[in-house]
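Engineer: Structure provided below as structure tokens; questions to follow.
The values are calculated or read from the model by the stated rules, or taken from the named source; none is laboratory data. Computed from a prediction, not measured in an experiment: that's the story for all the values here. Neighbour counts are summed over all protein chains in view; Cβ atoms, including those assigned to glycine, are modelled from backbone coordinates with ideal geometry.
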Amino acid sequence: MLSEKPTVSGKQYHLMVGEGDVARYVLLPGDPERVPRIAKTWDKYWHVATHREYVTYTGEYRGVRISATSTGIGGPSTAIAIEELLRVGADTFIRVGTTGSLRREIGIGDLVISAAAVRLDGASKAYIFPEYPAVASYEVILALIEAAESLGTRYHVGITASTDSFYVGQGRPGYKDYMPPWSKDLVKMLRDANVVNFEMEAATIFTLSNIYGARAGAVCAVIANRETGEFIPDAGVDTMIRVANEAVRILSEWDSMKQRFGKNYFYPGILRR
Ligand code: URA
């Protein structure tokens, strides 16, 4: 079968990024406006491209080349971002976004590091059946934990539910209180199954990354608590950005050690060699 190449002057069709434009480590916020905000926390940064919902910056954080690209909200635009970033050389993704906590004790401004995601999105199902796990890379999870510990932030690690709908799909009433039967019990059902938070992109990022042999993780700032009804936009976002940057620095250090000792996988004992 002949297949077209969706590029324009050597740039990826949607993201407008080309070979050499992005680092191997890419932070993935949903919101395009968060990309320059992230870049300003680096030691050096430059704008790469803005096209549709996709804004990309590349720069350097503590000696490590790093990029950030916005994914837009939800699975379909996120899948496009992953596809095109992989094509130009990225191999490690960290979603940075906001989230709704399902537990009273996971408060506003806390961080949630996703160990895996329940695939309530649609995009990942275009790739593989629902039984395929949307699991984060253990190296990225560990680097995020190390970063959160070193910065002294409040964080939790658990299973995330990624949905394609912020309202009805996360058990919130729709317009005119529309609420189908499955939405009414959703929060309780997920909470009983030890799911800790809602967001809208991690499942797509994890599924595609596993299919393509890339690494992915997610750290999200809690802006809503579904148990207490609190909602504070932007709570914890600056802390989340600091943790993600630091996780990239840690991953880069671990990647260098793996290379030096000829290992494919990071393990704690490598730090004592
Ligand atoms: N993002 C979500 O997807 N859900 C929330 O409740 C908050 C942020």
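Engineer: How many residues does region 197-218 hold that are closer than 22 Å to Trp254 by Cβ and within 16 Å of the ligand (Cβ to nearest atom)?
Structural biologist: 4
Engineer: While we're on this one: Could you grab the pairs with beta carbons closer than 7 Å, sequence gap of 6+ or different chains, first residue in region 246-259 and modelled with pLDDT of 95 or more, second one assigned to a helix (DSSP H, G or I) and charged (D, E, K, R)?
Structural biologist: Ile250/Glu146; Leu251/Glu139; Trp254/Glu139
Engineer: Find all pairs meeting these conditions: Cβ atoms under 9 angstrom apart; at least six residues apart or on different chains; first residue within region 217-232 and closer than 9 Å to Thr98 by Cα; second residue basic (Lys, Arg) and more than 11 Å from the ligand (Cβ to nearest atom).
Structural biologist: Val219/Arg95; Cys220/Arg95
Engineer: Restricting region 24-56 to residues that are part of a strand (DSSP E or B) and among the polar types (S, T, N, Q), which is surrounded by the most Cβ atoms within 10 Å (Cβ to Cβ)?
Structural biologist: Here the residue is Thr56.
Engineer: Consider Ala81 carefully, then state whether it is surrounded by fewer than 24 Cβ atoms within 10 Å (Cβ to Cβ) and aliphatic (A, V, I, L, M).
Structural biologist: Details: surrounded by fewer than 24 Cβ atoms within 10 Å (Cβ to Cβ): no; aliphatic (A, V, I, L, M): yes.
No; evaluated as a whole, the condition is false for this residue.
Engineer: If we scan region 214-223, do we find a residue that is touching a Cys at 6+ places or on another chain (Cβ under 6 Å) and charged (D, E, K, R)?
Structural biologist: no
Engineer: If you check Tyr138, Tyr175, which single one turns out to be within 16 Å of the chain's Cα centre (by Cα), more than 16 Å from the ligand (Cβ to nearest atom) and loosely packed, with under 15 Cβ neighbours inside 10 Å?
Structural biologist: On inspection, the qualifying residue turns out to be Tyr138.
Engineer: Here is a follow-up. Tell me the residue from Glu4, Glu105, Glu83 that is out of contact with any Phe, Trp or Tyr (no Cβ under 8 Å at 6 or more places or on another chain) and within 22 Å of Gly236 (Cα to Cα), please. Reasoning before the result, please.
Structural biologist: On the way: Glu4 fails: within 22 Å of Gly236 (Cα to Cα); Glu83 fails: within 22 Å of Gly236 (Cα to Cα).
Of the residues listed, the single one that is out of contact with any Phe, Trp or Tyr (no Cβ under 8 Å at 6 or more places or on another chain) and within 22 Å of Gly236 (Cα to Cα) is Glu105.
Engineer: Which of the residues spanning region 85-108 are more than 13 Å from the ligand (Cβ to nearest atom) and either crowded, with 24+ Cβ neighbours inside 10 Å or within 22 Å of Glu146 (Cα to Cα) (or both)?
Structural biologist: Leu85, Asp91, Thr92, Phe93, Ile94, Glu105, Gly107 - these are the residues of region 85-108 that are more than 13 Å from the ligand (Cβ to nearest atom) and either crowded, with 24+ Cβ neighbours inside 10 Å or within 22 Å of Glu146 (Cα to Cα) (or both).
Engineer: A further question follows. Give region 228-237 a look and list any residue that's within 12 Å of the ligand (Cβ to nearest atom) and on the phi < 0 side of the Ramachandran plot, or say none.
Structural biologist: Result: Glu230, Phe231, Ile232, Pro233, Ala235, Val237.
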